[in-house]
Amino acid sequence: METALAKTPQKRQVLFLAILMLLWEAGSDSIRYSIPEETESGSFVANLAKDLGLRVGELATRGARIHYKGNKQLLELDVETGNLLLYEKLDREVLCGVTDPCILYFQLLLENPVQFFQADLQLTDINDHSPEFLDKEMLLKIPESVQPGTVFPLKIAQDFDIGGNTVQNYTISPNSHFHVVTHNRGDGRKYPELMLDKSLDREEQSELSLTLTALDGGDPPRSGTTAVRIEVVDINDNAPAFLQSLYEVQVPENSPPNSLVVVVSAQDLDAGTYGNVRYTLFQGNQVIQPFVVDEITGEIHLKKALDFEATRYYNVEIAGTDGGGLSGKCTVAIEVVDVNDNAPELTMSTLSSTTPENSPETVVAVFSVSDPDSGDNGRMVCSIQNDLPFLLKPTFKNFYTLVTEKPLDRESQAEYNITITVTDLGTPRLKTQHNITVTVSDVNDNAPAFSQTTYTLRVRENNSPALHIGMVVALASVSSLFLFSVLVFVAVRLCRRSRAASAGRCSGPEGHFPGHLVDVSGAGTLSQSYQYEGIGKEMEENATFRNSFGFN
Ligand SMILES: *[C@@H]1O[C@H](CO)[C@@H](O)[C@H](O)[C@H]1NC(C)=O
Ligand SMILES: *[C@@H]1O[C@H](CO)[C@@H](O)[C@H](O)[C@H]1NC(C)=O
Ligand SMILES: *[C@@H]1O[C@H](CO)[C@@H](O)[C@H](O)[C@H]1NC(C)=O
C-alpha cells in the first residue's frame, strides 16, 4: 500500500490525506469492536469483510488499508479472509489512563475505488491492578480527651483500574476504639475516615497499631493495606496520688538534725511534665515546722531538733503537684519517741541544817523530785546512804521528807553529810545528787554527875563561914557546876540561919530545893538536885524538852 501511494504524484497524495482526515473526523456511522484489555496478541477481533458486506477477496483487490489515530498499530488485517486480529496485547491503563471508556479509533481505506469505513476498538477494563497506598504507614496523633464520634480523615489508596475495579471499600483491623467509614465524594472515588467509637486513655493504651485495607470491586476483589499508627496524646487528666494517704512514723527525740524521717511517694499516670510530681509542705514552709520535704524525692528530713517534752506528735501534710497544676495530698503522722535525756531534778522546799539531838523523827528536809521524761525514763527512785540514822519518807506525789530515824546524840556524832541520790529508771539511768550537811545541836542532856553517892560532912556548930567554904572546895572535885550548887546550898543555909536575927533578903526558895530539874537560865541549862535518889525521874522529864522545826 505504502509503495502504491509512493508511486502516485506528490500533489495527489497530500490532497488524499486531507480528505481522509476530514472524513475521519466527520464520520458518524462507525463499526465498534470491544475487547478486554490485556487480550493476547493475534486474538480474533472480528471479520471486517463480513461486517462491511464485502465479498471475500474484495479487500485484497481493492487495496484495503487500516489507518490508526496516532499511527500506533493495534490490529492486523488479513486481506484474504477479512479477519481482524489483535496486533499486540493492549493495556488499557497505558493507552487511556483514567479516560473511560477507552476507545481506540481506526479507519479502513479502500483505494480502488476509494472508500472509507470508520471503526473503533473499545478496550474494556479488567481488574489487573490492586489498590495501593503511597505510604507504608500513616501516623495519627489523637489527644486522649477527644470525644467519641469524632472523625479523622485517612489517606486514600490508588487503583489504576476504573469503574468497579477501583477501590470500593475501606476496612480497618478489628479494635475496640475505631471503625472506618467509606465516603463517596462525588468524583466517584471513595475516601476513608476513621471514627472514634470509644474514648481513648493514654494511661491505659498509649498507642494503637491498626491495618487499613482498601478493597476494589473486582471479582475477585483485590486489596492493598497500610499501617495506621495512632499515638494517644496525653492530657493532664490524672492528679498525683500518694501510695499511702497516711504515713505513720516514730522518731526518737534525740535524732540529729537532717535525719531521714520518711519518704513519701505519689504517682501520676500522665506523661512528661503532667506526670512530674513535686512535693511540698501543704501548709507552706512554716518556721515552727521541724521538717523539710525534698521537692523531687519526697524525702522528709528533720530540720530544727525534736523535744519529746515539748511536742509529742506532729501531723505534717504533704502536697504532690504535677506540672499541670493538679495535686494530691497525704498526711505524715510523726510520733516523737522519748529518750532518757533528762536527769531527775531535786527541789529543796525546806531544809534545817541543824537538828537537835535526842529528838526522834525530826524532819530535817522536805523536797520534791521531778523528771520530764516519760515512762521509765521519768520514773525515779530516791535514796540516801545506808549507814545514816536518817530515813527518806515519800509523802504525796513526788515529795519526800528526810527525817531522823532515831534520836541523835551530838556527843557521839555532831555532823552528818547526807547525799540524796535521785535516779531514774531509763536507759541509761540518769541521776542527780544533792548533798546536805546536818549538824546536831546540843541539848542539855548530860546532868552533872557526883563521883560518890554520899558525902559525910561533919561541921561543928558556931564555925566561921570561911571554914565551911574550905571544906566545900575540898569536896567539889567533880565539876564547877557542882561547886556552884554547893555554894548556893551553903549560902542558903547561912541565909536561913541568920534570918531570925537580921531578917535579910534571900532569893532562894523557901524550905527544901524542889525535887525536879529547873530551867534556870531559860536556855535549857539545868541544875541538879542534891537528892540523888531523884535523878532518874528528873532526867525523864528533861527528855520531853523539844524544839520545834519551822517547816510546812
Ligand atoms: C465495606 O466493608 C465492610 C466490612 O467488610 C462491609 O460491612 C460493607 O458492607 C462494605 N461496604 C461496601 C460498600 O461494600
Ligand atoms: C562533811 O563534809 C565536809 C566537807 O566535805 C567535811 O569537812 C566533813 O568532815 C564531813 N563530815 C563528816 C561527818 O563526814
Ligand atoms: C556529795 O558528796 C559525795 C560524797 O562526799 C561526793 O562524792 C559528791 O561529789 C558530792 N556531790 C556534790 C554535788 O557536791
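The values are calculated or read from the model by the stated rules, or taken from the named source; none is laboratory data. If you're wondering where the values come from, they're calculated on a predicted model, not measured in any experiment. Cβ placement follows ideal geometry from the backbone for every residue including glycine, while neighbour counts extend to all protein chains displayed.
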Among the candidates Val403, Val381, Val369, residue that is in the same structural domain as Pro344 (by TED's automatic domain parsing), surrounded by 12 or more Cβ atoms within 10 Å (Cβ to Cβ) and in contact with a Pro (Cβ under 7 Å, 6 or more places away or on another chain): Val369
Search result, residues across the range 102-142 that are exposed (fewer than 14 other Cβ atoms within 10 Å of the Cβ) and either at positive phi or not in a strand (DSSP E or B) (or both): Asn112, Pro113, Leu134, Asp135, Lys136
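Looking at the structure I just gave you, is Asp237 farther than 30 Å from Cys330 by Cα and surrounded by fewer than 19 Cβ atoms within 10 Å (Cβ to Cβ)? Steps first, please.
Working: farther than 30 Å from Cys330 by Cα: no; surrounded by fewer than 19 Cβ atoms within 10 Å (Cβ to Cβ): yes.
Criteria not met by Asp237.
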Any hit, the range 292-302, residues being within 13 Å of the chain's Cα centre (by Cα) and free of Cβ contacts under 8 Å to residues at least 12 places away in the same chain: yes
Residue within the range 374-384 that is over 29 Å from Asn254 (Cα atoms), within 16 Å of ligand 2 (Cβ to nearest atom) and at pLDDT 90 or above present: yes
Residue in the range 410-423 that is surrounded by the most Cβ atoms within 10 Å (Cβ to Cβ), counting only those that are more than 10 Å from ligand 2 (Cβ to nearest atom) and modelled with pLDDT under 95: Arg410
In the range 424-442, the residues that are modelled with pLDDT of 90 or more and of a type in the set (Asp, Glu): Asp424
Qualifying residue in the range 320-332 (condition: in contact with a Cys (Cβ under 9 Å, 6 or more places away or on another chain) and either assigned by TED's automatic domain parsing to the domain that holds Glu248 or buried (at least 20 other Cβ atoms within 10 Å of the Cβ) (or both)): yes
Residues (part of a strand (DSSP E or B) and either within 16 Å of ligand 3 (Cβ to nearest atom) or among the basic types (Lys, Arg) (or both)) located in the range 399-425: Leu402, Glu415, Tyr416, Asn417, Ile418, Thr419, Ile420, Thr421, Val422, Thr423
Complete set of residues in the range 213-233 that are aliphatic (A, V, I, L, M) and either within 12 Å of ligand 1 (Cβ to nearest atom) or free of Cβ contacts under 8 Å to residues at least 40 places away in the same chain (or both): Ala214, Leu215
Matching residues, the range 426-436, being away from ligand 2 (no atom under 16 Å from the Cβ) and in a strand (DSSP E or B): Lys431, Thr432
Criterion violated by Val151 - all others in (1) in contact with a Leu (Cβ under 8 Å, 6 or more places away or on another chain); (2) of a type in the set (Val, Ile, Thr); (3) over 20 Å from Ser34 (Cβ atoms); (4) not assigned by TED's automatic domain parsing to the domain that holds Leu215 satisfied: (4)
Glu193, sole failed condition from (1) closer than 28 Å to Val98 by Cβ; (2) part of a loop (DSSP other than H, G, I, E, B); (3) not aliphatic (A, V, I, L, M): (2)
